[in-house]
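Structure record follows, encoded as structure tokens.
The values are calculated or read from the model by the stated rules, or taken from the named source; none is laboratory data. Model, not experiment: these values are computed from the prediction. We place every Cβ from the backbone using ideal geometry, glycine too, and count neighbours over all the protein chains shown. Ligands, DNA and RNA are stripped out before the accessible areas are found, and what is left, the full protein with its side chains, is counted by its heavy atoms. Shrake-Rupley method; radii C 1.70, N 1.55, O 1.52, S 1.80 Å.
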Amino acid sequence: MLTTEQQQMVDHAQLQQINGWQHIKVKGSPYERGFQEGYLLVDEYKDAMRVYEYMTMQTFGMPYDFFAKKSIELHKDKIPDIFIQELQGMADGLTAAGYETSLDDVIAWNDWMEITGYWWPQNAGKVMGREAMRTHRKQLNSCSAIVATGNATVDGKPYLGHQSFDEFWSGQYFNVCKRVEVEDGDGHSFIMQASGPCMLASMTDFYVTDAHLNITETTLAGFDRYDDSGTPEWVRIRDAVQYSSNIDEFVKRLDEGNNGGYANAWLIADHNTGEIARYEQGLEFTSLERTFDGTFFGCNAVFDPRIRNLECKDNGFNDPRQQTGARRQRWMELIDQYYGMIDVEVVKKMLADTYDVYLGYNNPSSRCICSHYDVDPQYYADDPDAVWNIPFYPAGSCDAKCAGPDDVAHMKMWGRYGRADGVEFNAEDFMDQHPLWKWMEGYLEDRPTQPWTLFD
């Protein structure tokens, strides 16, 4: 039973379930916004905890609580108070809705991807007393994205699109579209896709802000550095999104306390000026490219040779058998094909592309802009460090998002839940065909075909 004060907070929020999405709008103080989200998305959070606790043990051989404790130890004191208030609100909202949750629980949930994907690979050998130990790298290491402006687009204005790749058991929670309306004087309001309920930052990284910035990223594949003393990426990106008004401010804020966590190539469109940028952020090395006329794309290949050679393992930059090299070539081909015609509909078409450059014909596989690892026998990939280099791995495209000038002007975005090309995933059929994965039964869900949805 909510108190009168709590009910008033919840009454200022909105939740709409549409085309597979949980479209939530939160507003007010940081604590109020957090409480609203925790209370309204409690069912989604509760189920995510059930699945993540099971899959963490299955994936890493270590319990979820081990990583949760390490999150608090390393990162709790790095979180600014204004974000602590919002995270506390989430915990209290979840508790008020009947699922008892602490501030530390919510911090650990937000930190899970970075701790498992970046801290653990650097420290697993030390923890287990085996320095040469190899471990699973849980990174969003495969995404496709493009940003274009000037002569590349139909009207000379910026357009940006992105899709997330992940293992399907976690990608099934990438269905939260959150609109955050901040109080006056507290930075910029924004809309984002979140990689689950009660996320301070997107993590699947698609943002439109009322400063007229549109921001996304693709992960730097094979990145192999981490600084335990720095600030986690999910804190730095939330700060940069909420408090930046231009590309320079965004880069400066994202750099503050950089720990190498979730190292990305950031694509940014400034709709105030028409300028776009690609910012590759390693730990020791960074690279900022910007233009008023042209395109940048992301495919997890690393363009800066210092980052690629000195901070990453081989990431397939020139190898069309691998998902990075193949998609780098395909993005070049698509940009040539559609140069001067790029708009929202063309971006959607690009994100849905399943042409396999290695084989030379349309073939849904790990090598496509719209990735289909689950149907790929992996005949050709031979890099032992590659992500999901396993035949018929239940992973790949989990969503698609894009925005054009009219969308950004009104803080809107387009989203498609499920694969960017709309092809459904049926968990039961997949496990029947590939019984090696039946151990996921009860934790892997269907993702039926869904249409593009405009969030306005």
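In nm, give the distance between the simple-model label positions of Asn426 and Asn318, each being 7 Å from the Cα along the Cα-to-Cβ direction.
4.5
Tell me, how many Å apart are the Cα centres for region 49-67 and for region 199-221?
26
Pulled fully out, how much extra length does the chain show between Glu249 and Leu2, if you take 0.36 nm times their separation in residues and subtract their Cα-Cα distance?
Contour length minus the Cα-Cα distance gives 84.9 nm.
Pull out a ≥ b ≥ c, the square roots of the eigenvalues of the alpha-carbon gyration tensor of region 319-456, then state rounded if a/c is under 1.5, prolate if not and a/b is larger than b/c, and oblate in the remaining case. Walk me through the numbers on the way to the answer.
Values: a/c = 2.59, a/b = 1.29, b/c = 2.00.
Oblate shape, in that a/c is at least 1.5 and b/c is the bigger or equal ratio.
Per 0.36 nm of contour for each residue apart, how much would the distance between Lys349 and Glu441 grow if the chain were fully extended, relative to their Cα-Cα spacing?
29.8 nm
Run the accessible area of region 370-431 with a 1.4 Å probe and give the carbon-and-sulfur part as a rounded percent.
Here it works out to 51 percent.
For a test of the definition: using alpha carbon positions, the gyration tensor, and the 1.5 limit on a/c, classify the chain as rounded, prolate or oblate. Mind dumping the intermediate values first?
On the way: a/c = 1.33, a/b = 1.11, b/c = 1.20.
Here the chain falls in the rounded category.
What percent of all Cα-Cα pairs in region 367-430 falls into each 5 Å bin, going from 0 up to the bin containing the maximum distance?
Spelled out per bin, shortest first, that is 4, 15, 20, 18, 14, 11, 7, 6, 4, 0.
Working out 0.36 nm times the residue gap between Leu15 and Tyr339, then minus their Cα-Cα distance, what length gain in nm do you get to one decimal?
On the way: separation 324, 0.36 × 324 = 116.64 nm, distance 3.85 nm.
The span from Leu15 to Tyr339 would gain 112.8 nm if fully extended.
Any idea how far the Cα center of region 407-456 sits from the one of region 252-266, in Å?
29
So how do 308-321, 395-408 stack up, highest first, on mean other-Cβ count within 10 Å?
Taking the mean over residues of other Cβ atoms within 10 Å, the ranking is 395-408, 308-321.
Considering only protein heavy atoms and a probe of 1.4 Å, how much of the accessible area of region 275-363 is carbon and sulfur, as a whole percent?
That share works out to 47 percent.
Straight-line reach from Lys313: which aspartates and glutamates have a Cα under 13 Å away, not including same-chain ones fewer than 8 places off?
Asp224, Asp383, Asp385
How large is the accessible surface per residue of region 128-282, computed with a 1.4 Å probe and reported in Å² as a whole number?
On the way: 3670 Å² over 155 residues.
Here the per-residue accessible area is 24 Å².
Of all accessible surface on region 57-205 at a 1.4 Å probe, what whole percent is carbon and sulfur?
46
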